[in-house]
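Each remark here refers to the structure printed beneath this line.
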Amino acid sequence: MAEPRETEVKLRLESADAMRERLRRLGATLSRERHFEENVLFDDPGGSLRASGTVLRLRQTPHGGVLTFKGPRELVGGIKSREERETVVEAPGEVHAILRNLGYRPVFRYQKYRESWSYRGQEIEVDETPIGAFLEIEGDAEGIAAVASELGFAPEAYLAESYVGLFLAAGGKGDMVFPA
C-alpha cells in the first residue's frame, strides 16, 4: 500500500481578497469558509524531529482538531512532496497533554485564517498569516502546475519553505501569532 503523500506548492499573494475573486471567476468551489487555525509544532528535547526533517503538528480549528505527522520533504520542479498522516482528534487539549507526557514539547506556534477551495481536482487554500497572505495548491504535481499557471504563477514563484521557515526568514522571533 502506498504511503499517504502531501504534494503542494505555496505562493505569496498580494491580496487574499483579489485571489478569492479570481477563484470565483474561474469557477472554483468554496469547500470551507474562512476560519481561524491555531497550530502547534512539537519536538523532543533533543530536537530529533526537526533534525530528521519531520514534523509533528497539532491543529485546532472551530471544527475540531487534527494531529499530523509529516515526513522529510522532497522537491521536484519546485513542488514539495512528503509523507503525511493525519487523524481527527475530538479533544485537542487532551492530545496536547498526552504529547507533553510522552516527552514532546511545543517548539513553535503559528496562527492563520484559512479558506478552502477546490478546482480541477486540486485543493486550494487561501491563508492569511501574520507575515502576509499565501496560496497553497495541493494535489497531483501536474494538476498543481496547471492550476498555478492558470492563476498566473510561474514555477519561479513557488515557495519551498514552510510557514516556520518564511517567518524566520522575515526576521520573526518567537511564535507566528497575530497581535493580541
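The values are calculated or read from the model by the stated rules, or taken from the named source; none is laboratory data. From a predicted model like this one, the values you see are computed outputs, not experimental measurements. Neighbour counts are summed over all protein chains in view; Cβ atoms, including those assigned to glycine, are modelled from backbone coordinates with ideal geometry. For the accessible areas, the whole protein counts, side chains as well, though only heavy atoms, and no ligand, DNA or RNA atoms are used. Shrake-Rupley method; radii C 1.70, N 1.55, O 1.52, S 1.80 Å.
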> Any idea how far the Cα center of the range 13-80 sits from the one of the range 127-153, in Å?
Replying inline: 12 Å
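Are there any GluC sites (Glu not before Pro) in the range 122-180 that are in a DSSP loop and have at most 15 other Cβ atoms within 10 Å? List them by number. If you can, show how the numbers build up before the last one.
Working: sites: E123, E125, E128, E136, E138, E142, E150, E156, E161; in loops: E161.
Answer by residue number: E161.
Given Cα pairs under 8 Å that are at least 6 residues apart, what percent is the relative contact order of the range 95-180?
Working: 88 pairs, mean separation 24.6, N = 86.
So the answer I get is 29 percent.
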>> Along the charge dipole of the chain, pointing to its positive end and built from +1/-1 on Cβ of Lys, Arg, Asp and Glu, which listed residue (A154, A97, G71) has its Cα farthest out?
In response: A97
>> Could you sort V164, V76 by their accessible area in this structure, using a 1.4 Å probe and putting the largest first?
In response: V76, V164
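Rounded to the nearest percent, how much of the accessible area of the range 123-180 (1.4 Å probe, protein heavy atoms only) is carbon and sulfur? Before the final figure, lay out the partial values.
On the way: 1500 of 2670 Å².
Summing carbon and sulfur atoms, their accessible area is 56 percent of the total for the range 123-180.
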> Among Q111, F134, G121, which residue has its Cα positioned farthest towards the positive end of the charge dipole of the range 44-180, with +1 placed on the Cβ of Lys and Arg, -1 on the Cβ of Asp and Glu, and the dipole taken about the Cα centre?
Replying inline: Q111
> Roughly how big is the range 23-180's charge dipole about its Cα centre, with Cβ charges of +1 (Lys, Arg) and -1 (Asp, Glu), in debye to the nearest 20?
Replying inline: 320 debye
> Which label marks the calculated value of Kirkwood radius over Cα pairs in Å, given the options (1) 17.1; (2) 16.3; (3) 15.7?
Replying inline: (1)
> Picking from L99, L41, L56, which is most flexible by a Gaussian network model of the chain using Cα springs under 10 Å?
Replying inline: L99
